1. Out of the residues in the stretch 91-126 that are part of a loop (DSSP other than H, G, I, E, B) and either β-branched (Val, Ile, Thr) or touching a residue at least 40 places away in the same chain (Cβ under 8 Å) (or both), which is nearest to Glu152 (Cα to Cα)?
2. Quick one: in the stretch 165-220, of everything that is assigned to a helix (DSSP H, G or I) and small (Gly, Ala, Ser), which residue is surrounded by the fewest Cβ atoms within 10 Å (Cβ to Cβ)?
3. Return the residues of the stretch 115-125 that are surrounded by 13 or more Cβ atoms within 10 Å (Cβ to Cβ) and more than 32 Å from the chain's Cα centre (by Cα); say none if nothing qualifies.
4. Looking only at the stretch 25-33, decide whether some residue is closer than 20 Å to Ser146 by Cβ, without any contact (Cβ under 8 Å) to a residue 24 or more places away in the chain, open to solvent by 60 Å² or more (accessible area, probe 1.4 Å) and among the basic types (Lys, Arg).
5. Step by step: first the residues of the stretch 316-344, then only those that are under 17 Å from Pro286 (Cα atoms) and part of a loop (DSSP other than H, G, I, E, B), then the one that is least open to solvent (accessible area, probe 1.4 Å). Which residue is that?
6. Looking at the stretch 345-367 only, could you name the residues that are part of a loop (DSSP other than H, G, I, E, B) and either open to solvent by 10 Å² or more (accessible area, probe 1.4 Å) or of a type in the set (Lys, Arg) (or both)?
7. Could you tell me which numbered condition Asp129 fails, if it satisfies all but one of (1) open to solvent by 50 Å² or more (accessible area, probe 1.4 Å); (2) of a type in the set (D, E, K, R); (3) under 23 Å from Gly155 (Cβ atoms); (4) within 29 Å of the chain's Cα centre (by Cα)?
8. For the list (1) more than 17 Å from His143 (Cβ to Cβ); (2) out of contact with any helix residue (DSSP H, G or I) (no Cβ under 8 Å at 6 or more places or on another chain); (3) outside any helix (DSSP H, G or I), I need the number of the one condition that Leu83 fails.
Amino acid sequence: MNHLDNLSDIDAANVVRCARTLLRRPLLRSNGPDGELLSLVYRHRATLQDLFAGLLGYRLVVERRFARLYKAGPGKDDTRGVLSMSPRGYAYLALTLAVLTGIGRQTLLSRLVADIRSAAVEAGIDAPDDVAERRALTAALRHLVSLGVLMETEGSVAQDLLPQEALITIDTDLLGQLVTGPVGEAQSPEHLIELAARPGPRGIEHAVRRKLVETPLVLYADLPDEQAEWLRRNQRKETALLEQAFGLYTECRVEGVLAADPEDFLTDLSFPGVSTVARIALLALPDLVEDDSEDPPARHVVTNERLREVCAALVEDYPAAWSKQFTDDLDRLVAEVTELLRRMRLAARTEEGWSISAAANRWLPSPDGDPEREQPEPVVVPEVPGWSLFDEENVS
């Protein structure tokens with residue numbers, strides 16, 4: 001069923017624009033990024049609710065001040081988290097949410113931090129007051145500030161929670177909309193993760209379509225057999241559906257399906273990119289996919305030593321092209337390159353090292369030449385003739 005068929009072209013375009021914005025910002029608020037679209041979301045809320053429920057099995061709540069799209073949890077997939085948040089930061093985020101539910105509408109930062117640490121002790125979590133812990137706690141609080149749940153009324157949440165006071169206001173309406181998993185049903189943290197990642201009412205259809213919309217690359221090898229079979233059968237239909245509903249274009253390969261956004265709006269992970277890590281990851285791919293594979297043509301098994309060798313060669317060949325912080329710390333560079341490829345679904349850790357997907361061939365660069373070794377074209381100096389047009393005038 002097409003949810004846009006009964007709309008005018010203008011209304012259909014607006015619904016797609018709103019749907020894309022909600023996928024990118026599941027908690028959309030009037031005073032936040034893209035908040036100017038909230039009135040449009042409110043106007044088309046019925047169509048949007050039907051669209052998300054039908055296509056993805058997602059629930060959408062729309063109020064005058066905010067809209068909340070309840071997505072499915074990622075399950076055991078750890079590549080969909082906030083880039084600035086470590087696992088420890090997520091632990092502090094959960095503790096902070098628990099504390100905020102009973103703290104009222106305003107509190108002092110010092111009291112909030114003390115209550116969070118008390119909650120950690122009560123939960124049996126070791127929370128020492130050191131630099132690493134303060135950074136993780138700061139990241140959790142700054143994330144809630146970015147979502148609009150916490151507002152810095154006076155002062156601010158400083159880096160590493162330096163000893164300075166601040167008055168914090170809590171938006172209790174937004175706070176009540178944050179948690180998407182069925183906490184009341186969960187019997188353990190692992191059970192909560194499992195429940196939050198349950199497929200939608202249409203089972204395989206919703207599960208696969210969610211993967212296409214939410215992840216950079218869906219590989220058949222990573223899907224259960226029934227989901228892989230469904231996707232192979234419905235490639236063409238899904239291509240038209242995702243383009244019409246969300247403005248996504250699919251690329252189908254032997255290894256899997258990529259749903260790409262030509263405007264790069266729906267991704268928080270850019271690849272290829274302009275950073276040192278992104279460029280080295282891109283330039284390393286030709287060498288990595290040429291290595292022998294245990295499972296051709298789907299995977300290329302690469303040892304840790306080979307990965308380090310490829311990155312080191314790129315740093316050595318073009319030292320002026322990279323950020324000095326990475327050229328001085330090769331271990332950090334290799335770690336961040338592999339993490340980027342992992343988040344892009346192009347690499348998976350193995351006992352021997354890394355398994356590089358053959359789908360990486362899609363991104364292989366085609367350089368125009370070698371900037372370090374190219375020799376400039378010789379400058380041709382025209383030969384000066386040994387005669388002149390005026391020589392005849394001097395003949396007596």
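The values are calculated or read from the model by the stated rules, or taken from the named source; none is laboratory data. Since the structure is predicted, the reported quantities are computational estimates derived from the model, not experimental observations. Don't worry about glycine lacking a Cβ; one is built from the backbone with ideal geometry, like all the others, and counts go over all protein chains shown. To get the accessible areas, we keep the full protein, side chains included, count just its heavy atoms, and leave off ligands, DNA and RNA. Shrake-Rupley method; radii C 1.70, N 1.55, O 1.52, S 1.80 Å.
1. Residues of the stretch 91-126 part of a loop (DSSP other than H, G, I, E, B): 101-105, 123-126.
From the residues that got through so far, the ones that are either β-branched (Val, Ile, Thr) or touching a residue at least 40 places away in the same chain (Cβ under 8 Å) (or both) too are 101, 103-105, 125.
Numbers: Thr101: 18, Ile103: 16, Gly104: 15, Arg105: 12, Ile125: 27 Å.
This residue is Arg105.
2. Residue satisfying both the conditions and the ranking: Gly184.
3. We begin by selecting, within the stretch 115-125, every residue surrounded by 13 or more Cβ atoms within 10 Å (Cβ to Cβ); these are 115-120, 125.
Within the stretch 115-125, Ser118 is the sole residue that qualifies.
4. Quick first cut of the stretch 25-33, residues closer than 20 Å to Ser146 by Cβ only: 25-33.
Add one more test, that the residue is without any contact (Cβ under 8 Å) to a residue 24 or more places away in the chain, and what stays is 25, 33.
Narrowing the set further to residues that are open to solvent by 60 Å² or more (accessible area, probe 1.4 Å) leaves 25, 33.
Those left that are additionally among the basic types (Lys, Arg): 25.
So far as the stretch 25-33 goes, yes, one or more of its residues are closer than 20 Å to Ser146 by Cβ, without any contact (Cβ under 8 Å) to a residue 24 or more places away in the chain, open to solvent by 60 Å² or more (accessible area, probe 1.4 Å) and among the basic types (Lys, Arg).
5. Of everything passing the filter in the stretch 316-344, Met344 is least open to solvent (accessible area, probe 1.4 Å).
6. To start, the set of residues in the stretch 345-367 that are part of a loop (DSSP other than H, G, I, E, B) comprises 345-346, 350-352, 364-367.
Across the stretch 345-367, the qualifying residues are Arg345, Thr350, Glu351, Glu352, Leu364, Pro365, Ser366, Pro367.
7. In the conditions (1) open to solvent by 50 Å² or more (accessible area, probe 1.4 Å); (2) of a type in the set (D, E, K, R); (3) under 23 Å from Gly155 (Cβ atoms); (4) within 29 Å of the chain's Cα centre (by Cα), Asp129 misses (4) alone.
8. (1) is the only condition that Leu83 fails.
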